[in-house]
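To keep things clear, I will list the structure first and then write my remarks on it.
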Number of protein chains: 2
Amino acid sequence: MKPTVHDIASEAGVSLATVDRVLNGRPGVRAPTRERVLAAIQKLGFVRDVAAANLAKGRVYPLVFIVPANDNSFMAALRGEIAAAGMRGAQERTAISILTVPAFDIPALVRALDAARAEKPAGVAVVAIDAEPVREAVARLAADGIPVVTLVSDLPDSARSHFAGIDNEAAGRTAGSLMGRFLDGRRGAIGIIVGSLDVRDHRERLDGFRAAISAPYPDLSLLSPLEGRDEPERVHQMVSRLLAEEPELLGLYSLGAGNRGLIRALEERRPARPIRVIAHELTPHTRGALETGLIDTVLNQDAGHEVRSAIRVLKARADGQPVIAAQERIRIDIFLKDNLP
Amino acid sequence: MKPTVHDIASEAGVSLATVDRVLNGRPGVRAPTRERVLAAIQKLGFVRDVAAANLAKGRVYPLVFIVPANDNSFMAALRGEIAAAGMRGAQERTAISILTVPAFDIPALVRALDAARAEKPAGVAVVAIDAEPVREAVARLAADGIPVVTLVSDLPDSARSHFAGIDNEAAGRTAGSLMGRFLDGRRGAIGIIVGSLDVRDHRERLDGFRAAISAPYPDLSLLSPLEGRDEPERVHQMVSRLLAEEPELLGLYSLGAGNRGLIRALEERRPARPIRVIAHELTPHTRGALETGLIDTVLNQDAGHEVRSAIRVLKARADGQPVIAAQERIRIDIFLKDNLP
DNA sequence: AAAAATCTGATTTACGTACCTCAAAAATCC
DNA sequence: GGATTTTTGAGGTACGTAAATCAGATTTTT
């Protein structure tokens, strides 16, 4: 049968209290005694029963999630996943609160981070904006011993202890690699729609896409990226114009949000020339467009996975336990109409 | 604070014992009283603390996994994942034992199922072979009240209560959809390598692939499938010959195992004509071939996910609890060299 | 109306760990 | 060698649920 702390105690010839002191790193155990206990743990293959341990300590992990009040489908889904995780909070002993801040608003984000700090939570997850004041606010949290993980959008060279999101450069390369294969052997242009080049994620995706296309496919030229600001209206206008004015257009890569506008523009185009379209984030809109064939491929980051990963990492950090990085890597999912989940 | 059984008891004005009877479906509660308790549960939003419950019942779930002794990478990985789940058994209160049986050996599989039945486990997971004697053995398990889930390979119209694997027809369609886009506008032939057409999964993949190619891409002709029996040697021979003799060959779809042979044949081909290659299962071999560009795309089913899903389902079934089907659906992963995990 | 069957309540123990207190033993210091 | 500090032991309570027992209440059957 599975060994318990009692078995460890008798195996090591010490009392339960001593085993407890060793297991939980409490003071008051001489080195040789500690060794005996550790040896017994090793020998019997003891593993702490996490469920019982959590039950015993009755600990709850107050976590704060800071997300932009952006109204695109992805952010809505992300907030939904956080809320869902909050519902499960009872089971997982987390108490999750959500702070929404205006999108792209650096001072507001900094205020939110400081507000979170004031509550002394066990951890903070934040959809970061890549700016110095944000780094400083994160550093303040870290100084207080509050672990911070960035969610979806990273903040490199900061005190954040983990990034729960995809490798956006790799995502861009993946899109480029696919587009290249789709259009291999043809000569023409590819249009690119970004949200904003001030956003790190979008820059990285663009870099990856360019790298994957330019060298291997010299016959494919990349048009200069159109900034749609993640707004459907604007995206619609830009894409409509592009479709009308660019006869050589073979493909479209939409690496930001606002795909509603893109889809509408595609639906409206008069000569239904075949164009390969790759977009990001699986939402009701992009899913529909996949199914009708307007979009060929959607790259996706699973918001649910990201949220759950962030929670796991924050709990582990709060307990001072290590994180298995490989296990927390968020995949870049590729969806065609045929493998929709 | 999170409500407990005690809160339910006082809210409903009954004793703890009655709440327990309602919660665990034990007899001895009149309908009106049961209603009161259920109303209290509803009102307070009580959720049973699974950890505490498991701790209290101290139950372990003996599970038997029956897998073929096949030596291909995928089955090896599957066995590895089962073993890994066994290691975690202590935490999850499962006691997993593995039975390996000779591949494609129906009588051996039936014997293994009956042997498992004799041990009266809480559940059985089996990589099924689509044959009547197997159905009968599964029916015997079901008759004993032992839930059975099929793993990787399904057994439709049987008493199995769940299938932990991918939709192979959809996987074939996905491959076809990709291949069609890769080769769109060209005229030529696509070679298909299957393991055996006697295996249900392979038949389904083939059907899906054909459906996705033939109608939309009339210029692409599908060569008749080569049966490689999942043996690298045989696959190597067949593919080498195909590459040499079929000048029009534009693409290859390998929907079974034995991809070592395929990769070797591709490495050896003299005129390095560009051929689009889609294969199944991410293994060290296919991963390497993706990275060097010999293979364009790999479709994958995550063995770890399948094993963990099977365990979750078996535990739920053993407890008589419902399964959220959507949550247990296994995804068809698409990998290019750029989004390898 | 009595007997039997069914339902309900109160109480207790157990699961494996955390954490606390108090006392005893051992080591260290002056 | 006595005083002080450190280490260890022993024991208990708590977490939230499961499961059992036994007594008492209610209903159903005879």
Which residues, counting only those in segment B:214-229, are in contact with a helix residue (DSSP H, G or I) (Cβ under 9 Å, 6 or more places away or on another chain) and not small (Gly, Ala, Ser)? B:Pro216, B:Tyr217, B:Asp219, B:Leu220, B:Leu222, B:Leu223, B:Pro225, B:Leu226, B:Glu227, B:Arg229
Just checking, how many residues over segment A:71-88 are in contact (Cβ under 8 Å) with a residue 24 or more places away in the chain and more than 14 Å from A:Glu306 (Cα to Cα)? 2
Could you grab me the full set of residues in segment A:183-209 that are over 21 Å from the mean Cα position of the chain (by Cα) and over 22 Å from A:Glu245 (Cβ atoms)? A:Asp184, A:Gly185
Look through B:Ile190, B:Ile213 and report the one residue that is more than 10 Å from every other protein chain (Cβ to nearest Cβ), assigned to a helix (DSSP H, G or I), in contact with a strand residue (DSSP E or B) (Cβ under 6 Å, 6 or more places away or on another chain) and surrounded by 15 or more Cβ atoms within 10 Å (Cβ to Cβ). B:Ile213
Given the residues B:Arg173, B:Arg117, which is the only one that is touching a residue at least 24 places away in the same chain (Cβ under 8 Å), charged (D, E, K, R), more than 23 Å from A:Leu336 (Cα to Cα) and buried (at least 18 other Cβ atoms within 10 Å of the Cβ)? B:Arg117
Flag for B:Phe163 being of a type in the set (Phe, Trp, Tyr) and more than 14 Å from every other protein chain (Cβ to nearest Cβ): yes
Lone qualifier among A:Val101, A:Val138, A:Val149, A:Val134 - being crowded, with 21+ Cβ neighbours inside 10 Å and either under 16 Å from the mean Cα position of the chain (by Cα) or modelled with pLDDT under 90 (or both): A:Val149
How many residues does segment A:63-85 contain that are within 19 Å of A:Gly123 (Cβ to Cβ) and either at pLDDT below 90 or within 12 Å of chain B (Cβ to nearest Cβ) (or both)? 2
Evaluate the following for A:Leu38: is it in a helix (DSSP H, G or I) and near DNA strand D (Cβ under 9 Å from one of its atoms)? no
Checking A:Val127 against (1) within 14 Å of another protein chain (Cβ to nearest Cβ); (2) closer than 20 Å to A:Arg331 by Cβ: exactly one of these is not met. Which one? (1)
Can A:Arg210 be described as free of Cβ contacts under 8 Å to residues at least 60 places away in the same chain and on the phi > 0 side of the Ramachandran plot? no
Restricting attention to segment B:160-170, the residues that are without any contact (Cβ under 8 Å) to a residue 60 or more places away in the chain and outside any loop (DSSP other than H, G, I, E, B) number exactly 3
Residue hits (segment B:208-219; hydrophobic (A, V, I, L, M, F, W, C) and modelled with pLDDT of 95 or more) are B:Phe209, B:Ala211, B:Ala212, B:Ile213
Before we move on, is B:Ala52 outside any loop (DSSP other than H, G, I, E, B) and within 12 Å of DNA strand C (Cβ to nearest atom)? yes
Take A:Ala310 and tell me if it is in contact with an Asp or Glu (Cβ under 7 Å, 6 or more places away or on another chain), away from chain B (no Cβ under 14 Å) and crowded, with 19+ Cβ neighbours inside 10 Å. no
Can you name the number of the only condition in (1) within 14 Å of chain A (Cβ to nearest Cβ); (2) at positive phi; (3) within 10 Å of DNA strand C (Cβ to nearest atom) that B:Gly45 fails? (3)
Within segment A:71-85, can one find any residue that is closer than 30 Å to B:Ile96 by Cβ, surrounded by 13 or more Cβ atoms within 10 Å (Cβ to Cβ) and away from DNA strand C (no atom under 15 Å from the Cβ)? yes
A:Ala9 outside the structural domain of A:Glu92 (by TED's automatic domain parsing) and either more than 24 Å from A:Asp319 (Cα to Cα) or surrounded by 16 or more Cβ atoms within 10 Å (Cβ to Cβ) (or both): yes
Where the second residue is modelled with pLDDT of 85 or more and within 10 Å of DNA strand C (Cβ to nearest atom) and the first is at positive phi and outside the structural domain of B:Gln321 (by TED's automatic domain parsing) and lies in segment B:21-35, which pairs have Cβ atoms under 6 Å and are six or more apart or on separate chains? B:Gly28/B:Arg21
Under 6 Å between Cβ atoms, at least 6 apart or on separate chains: pull out the pairs that start in segment A:213-234 with a residue that is in contact (Cβ under 8 Å) with a residue 60 or more places away in the chain and end on any residue that is buried (at least 17 other Cβ atoms within 10 Å of the Cβ). A:Asp230/A:Asn72; A:Asp230/A:Gly195; A:Asp230/A:Gly256; A:Asp230/A:Ala257; A:Asp230/A:Gly258
Residues being surrounded by fewer than 18 Cβ atoms within 10 Å (Cβ to Cβ) and facing another protein chain (nearest Cβ under 9 Å): count how many of those fall in segment A:322-339. 2
Those residues of segment B:245-275 that are more than 19 Å from B:Pro225 (Cβ to Cβ) and without any contact (Cβ under 8 Å) to a residue 24 or more places away in the chain come to a total of 5
How many residues does segment A:167-180 contain that are in contact with a strand residue (DSSP E or B) (Cβ under 9 Å, 6 or more places away or on another chain) and either modelled with pLDDT under 95 or facing another protein chain (nearest Cβ under 9 Å) (or both)? 6
Hey, does segment B:148-159 have a residue that's free of Cβ contacts under 8 Å to residues at least 24 places away in the same chain and in contact with a strand residue (DSSP E or B) (Cβ under 7 Å, 6 or more places away or on another chain)? no
What number of residues in segment B:18-35 are within 8 Å of DNA strand D (Cβ to nearest atom) and over 20 Å from B:Asp319 (Cα atoms)? 1
Note on A:Ala318: of the conditions (1) under 20 Å from B:Ser177 (Cα atoms); (2) in contact with a strand residue (DSSP E or B) (Cβ under 6 Å, 6 or more places away or on another chain), unmet is (1)
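The values are calculated or read from the model by the stated rules, or taken from the named source; none is laboratory data. These figures come from a predicted structure and were not determined experimentally. Methodologically, a virtual Cβ is constructed for each residue, glycine included, from the backbone with ideal geometry; neighbour enumeration extends over all protein chains shown.
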